[in-house]
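Asker: If you scroll down you'll find the structure; I have some questions about it.
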Amino acid sequence: MTRQLPLAIEFRPSASFGTFFAGAKNQEAANSVQALTSGRGERYLYLWGRADVGKTHLLQAACGELHSAQQSVAYVPLAEAQDLAPEMLDGLEHMALICLDDLQAVSGDGAWEQAIFSLFNHCRDAGSRLLVAGNQPVAELPLGLADLQSRLTWGPAYHLASLSAGELPLALREMARHRRLELPAETAEYLLRRYPRDLRSLQGLLEHLDQTSLAAQRRLTVPFVREALQSLAHPAAHAPDRAAG
């Protein structure tokens, strides 16, 4: 039976391998995650980097691909550990793929660390695939269980880096293309000058613009986008030369 955990979590439709813009620095990591997902690569990978560089995107893309193929997957957002219990990891080794996101959220918690350590051992015995993400290299995580830290070094680790200022317009236009939106270069530059430049926020902006332009039957010109986004509350605009997460 196909299932995902916790049951309230849904994979974001926009989180697919096709919509992940790797840039120059993250292509090897993206390729390795795809290889793991297809069963051709390593059975365990660790991804790390600052928030909003695409770790969750890749984990959900991997889960979503196998879930669509009717294979059993588990996506566990450890940042929500206060609403979860370590016992939920019991038996997950029978899944085709297990993804643990935001490992740093439970680092130092003895019960969670022991549960993840046991999961590693069971996954090794069962031959299942495991994909883990955190915000730091394994050596810098404040782990209390030395055996878990050792397990986390069993496979390749990839640092996901922020896109460069030059890559951001390309990424934004590529995300628009996947939505079948025509995003002129000047409109992309307008958005990047005035709105948060992390990819998650930009995905949200494109979703809003997609719906608004469809309803109004308007092209994404700068005047239309300015008007369409006036009602959106957003953080202070970033400086034009700031790189995204």
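The values are calculated or read from the model by the stated rules, or taken from the named source; none is laboratory data. No experiment lies behind these values; they were computed from the predicted model shown. Note that each Cβ is placed from the backbone with ideal geometry, even for glycine, and that neighbours are counted across all protein chains shown.
Asker: Do we find that Arg197 is over 20 Å from the mean Cα position of the chain (by Cα), buried (at least 19 other Cβ atoms within 10 Å of the Cβ) and within 23 Å of Asn135 (Cβ to Cβ) in this structure?
Answerer: No.
Asker: What number of residues within the range 87-119 are within 21 Å of the chain's Cα centre (by Cα) and on the phi < 0 side of the Ramachandran plot?
Answerer: 15
Asker: Out of Leu160, Leu148, Leu172, Leu152, report the one residue that is more than 30 Å from Ser107 (Cβ to Cβ) and at pLDDT 90 or above.
Answerer: Within the list Leu160, Leu148, Leu172, Leu152, the selection yields Leu172.
Asker: I'd like to verify a number: residues in the range 60-76 that are in contact with a helix residue (DSSP H, G or I) (Cβ under 8 Å, 6 or more places away or on another chain) and not β-branched (Val, Ile, Thr), how many?
Answerer: 7
Asker: I'm checking my understanding of the structure. Among residues of the range 72-89 that are part of a loop (DSSP other than H, G, I, E, B) and touching a residue at least 60 places away in the same chain (Cβ under 8 Å), which one is farthest from Pro142 (Cα to Cα)?
Answerer: Top of the filtered list is Ser72.
Asker: When you check Pro156 against the structure, is it surrounded by fewer than 17 Cβ atoms within 10 Å (Cβ to Cβ) and either in contact with a Ser or Thr (Cβ under 6 Å, 6 or more places away or on another chain) or not basic (Lys, Arg) (or both), yes or no?
Answerer: Spelling it out, Pro156 is indeed surrounded by fewer than 17 Cβ atoms within 10 Å (Cβ to Cβ) and either in contact with a Ser or Thr (Cβ under 6 Å, 6 or more places away or on another chain) or not basic (Lys, Arg) (or both).
Asker: Output the helices (runs of 4 or more DSSP H) that fall wholly within the range 110-216 and possess 2 or more residues being under 22 Å from Ala74 (Cβ atoms) and touching an Asp or Glu at 6+ places or on another chain (Cβ under 6 Å), or say none.
Answerer: Hits in the range 110-216: 110-126.
Asker: Only one of Leu92, Leu141, Leu100 is more than 19 Å from Ser32 (Cα to Cα), of a type outside the set (Phe, Trp, Tyr) and free of Cβ contacts under 8 Å to residues at least 60 places away in the same chain; which?
Answerer: Leu141
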